[in-house]
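Structure first, then comments.
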Amino acid sequence: QLVETGGGTVQSGGSLRLSCTTSDTTFSRYAMGWFRQAPGKEREFVSSMRWSGGTTYYADSVKGRFTISRDKIGNTVYLQMNSLKPEDTAVYYCAVHAVGSRTYNIWGQGTQVTVSS
């Protein structure tokens, strides 16, 4: 239901833009978010956007470097990642917090981001 694209390998200081697209209209979105999981670590929150109003949230580790946004139609959410660091290396997941759910309940398959030093 969610398809992430845009991952890859980049040098430290570089940029990548991740995209997350869904054509599924069976759910209403309370929020959409990005999470990541590095090898040997638990999955962690990166950024999110409330669908109504567009309020955004960021983990302290990415504030000022990453920007979450969405297209006008609302089918795609983006994560622009600038000034990437080796510690940003992880599998990045897009997720939907559907209206009526207590938490993020729809997940993409993940896309690998590797930042070399």
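Key figures
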| item | result |
| --- | --- |
| Qualifying residues in region 22-39 (those that are at pLDDT below 95 and open to solvent by 60 Å² or more (accessible area, probe 1.4 Å)) - the one farthest from Tyr78 (Cα to Cα) | Pro39 |
| Residue that is least open to solvent (accessible area, probe 1.4 Å), among those in region 40-55 that are over 12 Å from Tyr93 (Cα atoms) and assigned to a strand (DSSP E or B) | Met49 |
| Selection from region 13-30 of residues that are of a type in the set (Ser, Thr, Tyr) and out of contact with any Asp or Glu (no Cβ under 9 Å at 6 or more places or on another chain) | Ser15, Thr22, Ser23, Thr25, Thr26, Ser28, Tyr30 |
| Some residue of region 49-66 being in contact (Cβ under 8 Å) with a residue 40 or more places away in the chain, in contact with a Lys or Arg (Cβ under 9 Å, 6 or more places away or on another chain) and of a type in the set (A, V, I, L, M, F, W, C) | no |
| When residues of region 1-60 are limited to those that are in contact with a strand residue (DSSP E or B) (Cβ under 7 Å, 6 or more places away or on another chain) and of a type in the set (D, E, K, R), the one farthest from His97 (Cα to Cα) | Arg17 |
| Region 77-110 - residue that is open to solvent by less than 40 Å² (accessible area, probe 1.4 Å) and outside any strand (DSSP E or B) and, of those, modelled with the lowest pLDDT | Ser101 |
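The values are calculated or read from the model by the stated rules, or taken from the named source; none is laboratory data. Just so you know, these numbers come straight off a predicted model, no measurement behind them. When we count neighbours, we look across all protein chains shown, and the Cβ atoms used for this are built from the backbone with ideal geometry, even at glycine. All accessible areas refer to the heavy atoms of the entire protein, side chains included, with ligands and DNA or RNA removed. Shrake-Rupley method; radii C 1.70, N 1.55, O 1.52, S 1.80 Å.
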